[in-house]
Amino acid sequence: MFSGNGVRTMIDEMRLGFSGHCPTTVLSDFYAAAFDLWHAGKRREAFDMFGRIQAFNSITGSAGYLMVVRGVFKEETKTRAMSLGGGGAAAGGRGGGRSGQGATGPLDEATKQAVRDAWEQFMKPYLRG
């Protein structure tokens, strides 16, 4: 059985025996690390890794701007509105990769810096390889 919903309940799903998860793209390597730790019997470390994801995602604008921080998109990248059938923000999805634009619009420089700082301090040290 696989889960979706952005894998917000991953720890409980693994406890229940789910076979896999469909995480959001921007932090999929961290979700994979939590999954691997759990299945290696390192449940405390898995819980900590998952908590790191949840804490980072609580930063306003982090999901949309992280693709810029990670070098996937350039700062000036713009996206087009998607049709209702496209699965993007217009269809109720989160519309990732929006170069710092979330449901509330573009991020100010202070918020962008907060996302960059949190990435450097709390997430980047846990990247694999």
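Odds and ends about this structure:
Each row is one residue, and each column tells you yes or no for (1) farther than 16 Å from ALA118 by Cα; (2) in contact with a Phe, Trp or Tyr (Cβ under 6 Å, 6 or more places away or on another chain); (3) at pLDDT 85 or above.
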position: THR9; (1), (2), (3): yes, no, no
position: THR24; (1), (2), (3): yes, no, no
position: LYS42; (1), (2), (3): yes, no, yes
position: PHE50; (1), (2), (3): no, no, yes
position: ILE53; (1), (2), (3): no, yes, yes
position: SER58; (1), (2), (3): no, no, yes
position: LEU66; (1), (2), (3): no, no, yes
position: PHE73; (1), (2), (3): yes, no, yes
position: GLU76; (1), (2), (3): yes, no, yes
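- Which numbered condition LEU66 misses (of (1) assigned by TED's automatic domain parsing to the domain that holds LYS112; (2) aliphatic (A, V, I, L, M); (3) out of contact with any helix residue (DSSP H, G or I) (no Cβ under 7 Å at 6 or more places or on another chain)): (3)
- Filter result (over 24 Å from MET67 (Cα atoms) and touching a residue at least 24 places away in the same chain (Cβ under 8 Å)) within the stretch 9-29: ILE11, MET14
- For the stretch 37-61, the set of residues classified as over 10 Å from the mean Cα position of the chain (by Cα) and in contact (Cβ under 8 Å) with a residue 24 or more places away in the chain consists of TRP38, HIS39, ALA46, PHE47, MET49, PHE50, ARG52, ALA55, ILE59, THR60, GLY61, listed by residue number.
The values are calculated or read from the model by the stated rules, or taken from the named source; none is laboratory data. What you see is a predicted model; the values in this text were computed from it and never measured. Here Cβ is always computed from backbone atoms with ideal geometry, including for glycine, and neighbour counts include all displayed protein chains.
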